[in-house]
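To start, the structure under review is shown below, and the notes come after it.
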Amino acid sequence: MARMKFLCDAERCIECNACVVACNNEHEVPWGINRRHVVTMKDGEQGEKSVSVACMHCTDAPCAAVCPVDCFYTTDDGIVLHDKDICIGCGYCFYACPFGAPQYPEQQAFGVRGKMDKCTFCAGGPGEDNSAEEFEKYGKNRIAEGKLPLCAEMCATKALLGGDGDEIADIYRQRVMKRGGRPQTWGWETAYKEGES
Amino acid sequence: MAQLIRRAGAVLTVTLLLGGCYESPDVTLHEPGEYKGPDDPFLEKAADPEHQEQLQQRLARGQTDR
């Protein structure tokens, strides 16, 4: 059985934020919410690196461990999903998550927290697959259609990979071998080792 | 004698102060509770080997390096 994972190749990510836009557009997420975000280190300096971060669908998910109403469940292939009808918007999962994945729409006055929203690995939530109700709450269920997460599928530099963890690890391992270990420089040559692929 | 009492007092104070800084290394680990919401029909589909194969092919087609 596959274990679904995301991996972002920091050597290739160019901080275009297309993954963020694609996710927001595909799932029509509420205003103020980004299920995915791009984090940049050393912005504007030599050695700048960016990584695209969302829910990492942890094997031992801390969000699920701290949830007081047990609204989380994990699919056989390791996708962590949650039920918005059970969620009380307490924010415990936000504190527990090391990636800042859980988000809360501010739909009312005084910043009242709405139900938690997070990346679903494009696998929706409880309810009939790709029904209007599922789409409204969780967005599109691409996995049920035999597709992979849009953020990874449309990444122009193939920095963001999403799918079976073993396959993704193989792709990344091959890249690292081509690059010759841990790169000390940065740029196109480092990321693609032009002429060898 | 007074010096001895002062020393003993100082040792006791330091011990109590340091004792206050002690933190138990035992961490309470919480296991996730059981999900009690409605069933997700997607779970059955996700476990289907044919569906898994479809996703593998999709990954190989779209995300491997060319």
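The values are calculated or read from the model by the stated rules, or taken from the named source; none is laboratory data. Not measured: the values here are computed from a predicted model. Because the Cβ atoms are built from the backbone with ideal geometry, glycine has one as well, and the counts that use them run over all protein chains shown. Accessible surface areas use protein heavy atoms only, side chains included; no ligands, DNA or RNA. Shrake-Rupley method; radii C 1.70, N 1.55, O 1.52, S 1.80 Å.
Some points to look at:
- Odd one out for A:Ala22 among (1) open to solvent by 40 Å² or more (accessible area, probe 1.4 Å); (2) among the small types (Gly, Ala, Ser); (3) closer than 14 Å to A:Met154 by Cβ: (1)
- So B:Arg61, is it within 28 Å of A:Asp170 (Cβ to Cβ) and open to solvent by 100 Å² or more (accessible area, probe 1.4 Å): yes
- Taking each residue of the range A:155-167 that is more than 8 Å from chain B (Cβ to nearest Cβ) and looking for partners that are small (Gly, Ala, Ser) and part of a loop (DSSP other than H, G, I, E, B) with beta-carbon atoms closer than 9 Å, six or more apart or interchain, yields A:Ala159/A:Ala10; A:Gly165/A:Ala2; A:Gly165/A:Gly78; A:Asp166/A:Ala2.
- The set of residues in the range B:7-54 that are open to solvent by 100 Å² or more (accessible area, probe 1.4 Å) and either within 9 Å of chain A (Cβ to nearest Cβ) or in contact (Cβ under 8 Å) with a residue 60 or more places away in the chain (or both) comprises B:Leu29, B:His30, B:Glu31, B:Glu34, B:Lys36, B:Asp39.
- Filtered residues of the range A:135-152 (kept if open to solvent by less than 50 Å² (accessible area, probe 1.4 Å) and facing chain B (nearest Cβ under 9 Å)): A:Asn141, A:Ile143, A:Ala144, A:Gly146, A:Leu148, A:Ala152
- Failed condition for A:Gly100, given (1) more than 23 Å from A:Ala2 (Cβ to Cβ); (2) crowded, with 17+ Cβ neighbours inside 10 Å: (2)
- Residue under evaluation A:Asp60, criteria (1) modelled with pLDDT under 95; (2) within 23 Å of A:Lys137 (Cβ to Cβ), criterion not met: (2)
- Checking each residue in the range A:29-61 for being open to solvent by 60 Å² or more (accessible area, probe 1.4 Å) and more than 27 Å from A:Ala96 (Cβ to Cβ) picks out A:Lys42, A:Asp43, A:Gly44, A:Glu45, A:Gln46.
- Wholly enclosed strands (runs of 3 or more DSSP E) of the range A:15-110 bearing at least 1 residues within 12 Å of the chain's Cα centre (by Cα): A:37-41, A:49-53, A:80-82
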